[in-house]
Each structure stands twice: as C-alpha cells, then as structure tokens.
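Student: My questions will all concern the structure given below.
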Amino acid sequence: MIRHRLSLEEFQALLEKAPEGLRLELLEGEVYEMAPIGSEHASLVTYLAKQLERLYGDRALVYVQNPLRLSPHSLPQPDLALLKPREDFYRVKLPEPEDALLVVEVSFSTQEVDLKKLALYAQSGILEVWLVEEGGNLEAYREPRGSHYRHRLLLEPGEEIAPLLLSHPPLLWNPPRGTPPA
C-alpha cells in the first residue's frame with residue numbers, strides 16, 4: 001500500500017472543508033484529530049499562559065493553541081509557545097522553529113501523539129519543550145540532538161524553572177489543584 005503524505009497546502013485545503021470545530025494537526029504528512037479540550041487541560045493552559053505572559057510578556061509573545069510550521073509536512077498546534085516578538089504577530093507568515101523560544105504541550109490523553117511531536121520538535125531544532133503530565137509534573141526537554149533532547153528535567157509542584165532563552169525570572173511551577181466549587 002502506498003501512503004500519500006499531505007503537504008501543508010493540501011492540509012490547508014482539507015481544513016477549509018472540515019466541519020466547524022474539528023481540530024486537526026499535520027504531523028509528517030499525516031492528519032491527526034486533536035482530542036477535545038477538557039476542563040483540567042484548559043485550566044493548565046490558562047494558568048501557564050497567564051504566568052508566562054506575566055513573567056516574559058515584555059520579551060516574548062505568548063502563542064496559545066495555534067499552528068507552528070515545522071516543515072512542508074508538519075503543522076502541529078502546541079498548547080502554548082513563547083515566540084520571538086514580531087510587529088505583525090505572525091499574521092503574514094506562521095511561526096517556524098527559529099521563532100520558538102519555548103513550546104509547551106499539556107499531555108494527558110494525548111501522550112503518544114505528544115511524544116511523536118516531541119521528536120519532531122527536536123528534529124526541527126526547537127531548543128526547549130515542556131510536557132505537562134497528568135498529576136501536575138512538568139518535564140522540560142532541552143538541547144535537541146537529532147530526534148531527541150540531550151537533557152530532561154522533571155519538576156514537581158513547588159519547584160522553579162525558567163526557559164533557557166528567557167532565563168530570568170523563574171516560573172514557580174504551582175499548577176492549579178483542588179476540587180471545583182459545589
């Protein structure tokens with residue numbers, strides 16, 4: 001069986017015909033349907049977006065659940081990215097790996113796909129990726145080599161981390177927890 005890898009142009013044409021609200025991403029020419037966003041996932045993305053904006057918003061653009069062009073066959077939509085600032089806010093051209101200061105994926109029900117994306121981020125030269133795991137731990141991957149990262153840091157709630165390219169001030173990793181109000 002011969003498989004056809006979609007190009008970005010073919011994928012864009014597919015998106016134009018897709019039902020409203022269907023979330024898709026292109027990874028190495030293959031189309032993946034993205035999982036629905038649950039309340040815990042949304043809460044963590046919102047928490048991180050607020051913290052990253054507060055700490056680094058004067059030096060980076062906080063980019064939430066938008067496409068990042070990795071190659072002619074890969075257009076993932078990371079949960080968050082910190083991008084180099086640009087006057088047009090990437091209106092003219094989607095951000096590419098050299099624009100990304102940090103990529104963040106909240107990895108609950110999507111761990112298998114997120115690990116595939118992690119390899120693609122490394123191959124693309126993205127210097128740092130954070131994976132947020134169910135349970136509140138954060139894995140930071142740094143210094144890409146081929147399809148892997150040389151360093152992996154595991155943070156538990158209460159520990160500090162700062163993106164390599166925006167080293168100060170550090171983020172206190174303290175994700176939202178608890179039971180919702182009755």
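The values are calculated or read from the model by the stated rules, or taken from the named source; none is laboratory data. Here the structure is a predicted model, which is why all the values come from computation and not from measurement. Methodologically, a virtual Cβ is constructed for each residue, glycine included, from the backbone with ideal geometry; neighbour enumeration extends over all protein chains shown.
Student: With the requirement that a residue be over 15 Å from Tyr32 (Cβ atoms) and among the small types (Gly, Ala, Ser), what does the stretch 72-109 give you?
Tutor: Residues satisfying the conditions are Ala81, Ala100.
Student: With the structure loaded, tell me whether Ala81 is of a type in the set (Gly, Ala, Ser), closer than 18 Å to Leu166 by Cα and touching a strand residue (DSSP E or B) at 6+ places or on another chain (Cβ under 9 Å) or whether it fails that test.
Tutor: Yes.
Student: If you don't mind, another one. For the stretch 34-72, which positions are in contact with a Leu (Cβ under 7 Å, 6 or more places away or on another chain) and of a type outside the set (A, V, I, L, M)?
Tutor: Of everything in the stretch 34-72, those that are in contact with a Leu (Cβ under 7 Å, 6 or more places away or on another chain) and of a type outside the set (A, V, I, L, M) turn out to be Gln51, Tyr56, Arg59, Tyr63, Pro67, Arg69, Pro72.
Student: Inspect the stretch 128-137 for any residue being of a type outside the set (S, T, N, Q) and farther than 23 Å from Thr46 by Cβ and give the result as yes or no.
Tutor: No, the stretch 128-137 contains no residue that is of a type outside the set (S, T, N, Q) and farther than 23 Å from Thr46 by Cβ.
Student: Moving on to the next point. Looking only at the stretch 44-77, which residues are surrounded by fewer than 18 Cβ atoms within 10 Å (Cβ to Cβ), touching a residue at least 60 places away in the same chain (Cβ under 8 Å), more than 15 Å from the chain's Cα centre (by Cα) and not in a loop (DSSP other than H, G, I, E, B)?
Tutor: Gln51
Student: Would you confirm whether or not the stretch 17-30 contains a residue that is of a type in the set (A, V, I, L, M), out of contact with any Cys (no Cβ under 6 Å at 6 or more places or on another chain), in contact (Cβ under 8 Å) with a residue 60 or more places away in the chain and not in a helix (DSSP H, G or I)?
Tutor: Yes, there is a match, as at least one residue in the stretch 17-30 is of a type in the set (A, V, I, L, M), out of contact with any Cys (no Cβ under 6 Å at 6 or more places or on another chain), in contact (Cβ under 8 Å) with a residue 60 or more places away in the chain and not in a helix (DSSP H, G or I).
Student: Of these, Glu40, Glu25, which one is crowded, with 18+ Cβ neighbours inside 10 Å, within 29 Å of Leu164 (Cα to Cα), within 18 Å of the chain's Cα centre (by Cα) and at pLDDT below 95?
Tutor: Answer to the check: Glu25.
Student: Quick check on my filter: what residues within the stretch 130-151 are in contact (Cβ under 8 Å) with a residue 12 or more places away in the chain and either polar (S, T, N, Q) or in contact with a Lys or Arg (Cβ under 8 Å, 6 or more places away or on another chain) (or both)?
Tutor: Gly136, Asn137, Glu139, Ala140, Tyr141, Arg142, Glu143, Pro144, Ser147, Tyr149
Student: In a strand (DSSP E or B) and more than 24 Å from Asn137 (Cβ to Cβ), is that true of Leu82?
Tutor: The answer is no for Leu82.
Student: While we're here: Can you tell me how many residues in the stretch 103-151 are of a type in the set (Phe, Trp, Tyr) and at pLDDT below 95?
Tutor: Count: 1.
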